[in-house]
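Heads up, the thing below is written out as structure tokens.
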Amino acid sequence: MNWQVNYALKYIQENHKDASVQHVRGDAIRIMMPYKPDVMAVISAAYTISTELAMQYHADFPDMDFLCGYRKECVWEGGAIRYLEDGTIGWGSAGTLGSAVYKGDARSAAHKDYFFSYRLIRQMRSITNLDREFDRVFTMTLTNGRTVRVGMIMEYEPTADAIRTFWDRFGPIDIAWNINPNGNPTQNAIEAGADLGCEVMKWEELKMLLRNR
């Protein structure tokens, strides 16, 4: 049994008293909750979930309800997200899986760290097209024809290093959007963004920017 599956089984058994869980085979487990649908979850240890990997997991486990990127640092490519959502398969972190089991919506669940922020963007009328490149990076086309690449930064109070590390990992962005509702970017982060050529902001600033373009 792979380490991440072992950890997932142990975690669910210890922290979700109403649930029962069993190893199916390979990377797959089945989670059972009273009065909720059973969930076949595939627990991946990959650092990056690519389209090819998502398709391979689906081929190996046709009854998969949810694909879980168990590592905290796991990154999801946009193609993998589209493939899973088109197939009505949930995706996201271990925390996302736990919430989805309780809610009974594993097949429609999406990564809880980015779900609400991305939904806000989808509702903006000034955006005519959205291309999700990664779970935390998207390019939006505005009604004036301008294209803007945005990175969603989850840290409580992003530092200059967080902005630079994100830029190095995902490439140039026009906007670093601090989506954590409980914190604000440090002044050093804002200055680092300016040095790189991107604006660092919260939702209210981004919303105003979008409404004025």
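Brief remarks on what is shown
- Distribution of pairwise C-alpha distances over the range 115-207, 10 Å bins, in %: 17, 54, 28, 2
- Reported label for calculated Kirkwood radius over Cα pairs in Å given (i) 18.3; (ii) 18.9; (iii) 17.8: (i)
- GNM on the chain, alpha-carbon springs under 10 angstrom: the most fluctuating residue among Ala45, Ala189, Ala59 is Ala59.
- Per residue, the chain exposes 51 Å² of solvent-accessible protein surface, assessed with a 1.4 angstrom probe and all protein chains in place.
- Our note on the geometry: Cα centres of the range 49-98 and the range 171-200, 28 Å apart.
- In a DSSP loop and with at most 11 other Cβ atoms within 10 Å, the trypsin sites (Lys or Arg not before Pro) in the range 115-192 are Arg125, Arg146.
- The relative contact order of the chain comes to 11 percent, based on Cα pairs under 8 Å that sit 6 or more residues apart.
- Cβ-based charge dipole, the chain, positive-most Cα from Gly26, Ile179, Gly104: Gly104
- Overall, the anisotropy analysis places the range 80-161 in the oblate class: the square-rooted eigenvalues a ≥ b ≥ c of its C-alpha gyration tensor yield a/c not less than 1.5, with a/b not exceeding b/c.
- Chymotrypsin sites (Phe, Trp or Tyr not before Pro) within the range 40-107, DSSP loop, no more than 16 other Cβ atoms inside 10 Å: Tyr47
- Here the accessible area is traced with a 1.4 Å probe on the protein chains. For the chain, carbon and sulfur cover 48 percent of it.
The values are calculated or read from the model by the stated rules, or taken from the named source; none is laboratory data. It should be emphasised that the depicted structure is a prediction, and the values quoted were computed from it without experimental measurement. Note: ideal-geometry Cβ built from the backbone for every residue, glycine included; neighbour counts use all protein chains shown. Quick note on the areas: whole protein, heavy atoms, side chains included, nothing else; ligands and nucleic acids left out. Shrake-Rupley method; radii C 1.70, N 1.55, O 1.52, S 1.80 Å.
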